[in-house]
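First up is the structure itself, then whatever we jot down about it.
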Amino acid sequence: MEPTPAFIEKHELWSDDQVRLSAQIQRRVEVENLKLIRLAWSDTHGASRAKAVSVPAFFDALRHGYNINVATFTLDAAGGRVFASFTKGGGMELDEMTGSPNLTIVPDPATFRILPWAPDIGWILCDQYFNDGRQFHFSSRQLLRRQLERLEEKGKSLIVGLEVEWYLARLEDGIIGNENIGEPGTRGQALKTLPLEPGYSYHSESNLDVMQPVLSELAETYEKLDLPLRSMENEWGPGQVECTFSPSEAMRAADDYFLFRTATRQVCRRLGHFATFMCRPALKGYYSSGWHLHQSIIEKVSGQNLFMPDNSDLLLSSFGSSFLAGLLNNAIPSAIFSVPTINGYRRFQPNSLAPTRATWGFDHRGAMIRVLGGVGDPSTRIENRIGEPAANPYLYIASQIVAGLEGVESNLTPWQPDDEPYTAERPLLPASLGQALSALQN
């Protein structure tokens with residue numbers, strides 16, 4: 001009698017490349033004498049969840065996957081239970097969610113890293129499946145993969161460049177006290193922090209130098225993690241940093257962003273500092289942070305940028321224009337995926353380098369969508385400036401594909417570019433998370 005195939009093999013969850021990488025990882029784990037491996041996954045909010053497992057358990061997970069409780073997908077951002085998990089259907093009217101059951105997480109060998117700040121710890125990103133091998137409904141990484149498959153079927157690929165702002169502060173003492181402890185659904189008091197520099201001196205080299213010791217540690221970390229950092233700069237608010245990353249294929253960019261946030265928080269904490277990707281921290285003098293998503297679509301075989309126009313009178317190709325029109329037409333209902341927090345909607349203020357309406361323009365930072373490039377420029381792209389840095393990268397990027405392809409498939413045409421985007425007669429962006437949710441539901 002032949003042995004029962006392991007979970008990953010049985011359900012054909014890996015490519016040949018992933019199988020090959022798995023063998024290489026096992027050898028590397030032994031050579032590097034790693035002690036534990038973190039099996040990490042993205043929850044619904046895009047926050048990193050993880051289990052640290054022993055080396056034998058990790059090797060087993062590379063064949064069978066690893067069981068986890070589905071609970072991390074049923075909680076709000078403060079750890080409160082949202083759904084009645086212990087009733088029939090788990091509060092979702094889905095029989096497979098009854099009773100807070102187990103899922104199987106499957107490591108993706110292409111994402112394996114050794115953590116530079118914890119050199120005896122490995123890290124690998126996982127996908128979630130039901131125990132019968134079906135994709136888990138609420139796996140945001142799988143949702144992005146399905147949208148990317150739509151492009152692949154057409155011989156196309158989405159290229160994404162990351163531009164993200166965040167805050168770096170110094171912890172006053174870093175000691176967690178009773179006042180910092182909350183309860184499910186309610187956070188305790190935040191740790192006390194001090195500004196690292198006074199702010200509001202855009203691109204100040206002096207202020208940059210104040211932050212440089214921490215930024216240098218981070219840059220070295222990103223390099224060791226193979227994150228394609230391009231630049232780090234002193235932004236507008238006190239301790240506000242902007243990081244940009246070289247463009248890459250969309251799934252790689254989403255995975256990189258997920259790991260970038262995780263690494264930044266953990267390294268800063270070990271250095272006695274605090275990193276936050278909250279859009280607008282409730283601290284004196286703090287300004288909003290955004291996440292601008294640069295995107296283009298290429299022909300996979302030729303590498304041709306399909307947004308690049310062939311006529312100097314045009315800002316985008318006809319394909320790119322229709323994709324842009326889809327983003328504009330869906331700006332309101334898709335906002336919840338790029339701005340998923342209550343806090344994020346405080347950013348939409350006039351004359352603030354953040355949009356207030358579904359507008360676009362050529363190299364215009366006041367518009368929601370900024371078009372860059374032109375004839376003969378292979379870097380021609382669309383920059384969507386709507387997003388906040390706390391967004392789930394998989395859902396943010398997936399929403400762009402859904403919206404843009406609707407424009408292409410419907411052969412939509414964008415309205416004229418907006419020279420005065422804060423007063424243009426264009427649809428207003430949602431003013432709150434509630435408005436954004438209503439727009440999606442309607």
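The values are calculated or read from the model by the stated rules, or taken from the named source; none is laboratory data. Given the structure is predicted, the values throughout are model-derived calculations rather than measurements. In this analysis, Cβ positions are derived from the backbone assuming ideal geometry, glycine residues included, and neighbour counts consider all displayed protein chains.
Kindly evaluate E165 against the criterion of being surrounded by fewer than 20 Cβ atoms within 10 Å (Cβ to Cβ) and either among the acidic types (D, E) or assigned to a strand (DSSP E or B) (or both). Spell out the reasoning first.
Numbers: surrounded by fewer than 20 Cβ atoms within 10 Å (Cβ to Cβ): no; either among the acidic types (D, E) or assigned to a strand (DSSP E or B) (or both): yes.
Answer is no for this residue.
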Filtering the range 389-442 down to residues that are of a type in the set (S, T, N, Q), more than 19 Å from the chain's Cα centre (by Cα) and on the phi < 0 side of the Ramachandran plot yields S410, T413, Q416, T423, S432, Q435, S438, Q441, N442
Determine if the range 40-61 includes at least one residue that is in contact with a strand residue (DSSP E or B) (Cβ under 6 Å, 6 or more places away or on another chain), within 30 Å of V339 (Cβ to Cβ) and either assigned by TED's automatic domain parsing to the domain that holds R261 or not in a strand (DSSP E or B) (or both). yes
Are there any pairs, at least 6 apart or on different chains, whose C-beta atoms fall under 6 Å, with the first in the range 55-70 and under 16 Å from L125 (Cα atoms) and the second part of a loop (DSSP other than H, G, I, E, B), and if so, which? R63/A6; H64/A6
Do you know which residues across the range 263-287 are in a helix (DSSP H, G or I) and either of a type in the set (K, R) or crowded, with 19+ Cβ neighbours inside 10 Å (or both)? A263, T264, R265, V267, C268, R269, R270
Go through (1) of a type in the set (G, A, S); (2) closer than 18 Å to W415 by Cα; (3) free of Cβ contacts under 8 Å to residues at least 60 places away in the same chain one by one and return the number of the condition G303 breaks. (2)
Of the residues in the range 341-366, those that are within 12 Å of R385 (Cα to Cα) and assigned to a helix (DSSP H, G or I) come to R347
Among the residues of the range 71-88, write down those that are assigned to a helix (DSSP H, G or I) and without any contact (Cβ under 8 Å) to a residue 40 or more places away in the chain. A71, T72, K88
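Taking the range 147-160 as the search range and keeping residues that are in contact (Cβ under 8 Å) with a residue 40 or more places away in the chain and of a type in the set (K, R), which one is surrounded by the most Cβ atoms within 10 Å (Cβ to Cβ)? Steps first, answer last, please.
Kept after step one, since they are in contact (Cβ under 8 Å) with a residue 40 or more places away in the chain, are these residues of the range 147-160: 147-148, 150-152, 155-160.
Pick out the ones that are also of a type in the set (K, R) and you get 150, 156.
Values: R150: 12, K156: 18.
It comes out as K156.
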Just one listed residue, out of R357, R365, is of a type in the set (K, R) and either in contact with a Phe, Trp or Tyr (Cβ under 6 Å, 6 or more places away or on another chain) or surrounded by 18 or more Cβ atoms within 10 Å (Cβ to Cβ) (or both), and it is R357
Just wondering, is there one or more residues in the range 161-174 that are out of contact with any strand residue (DSSP E or B) (no Cβ under 7 Å at 6 or more places or on another chain) and touching a residue at least 40 places away in the same chain (Cβ under 8 Å)? yes
Scanning the range 198-220 for residues that are under 27 Å from the mean Cα position of the chain (by Cα) and either among the hydrophobic types (A, V, I, L, M, F, W, C) or under 23 Å from G174 (Cα atoms) (or both) gives G199, L208, M211, Q212, P213, V214, L215, S216, E217, L218, A219
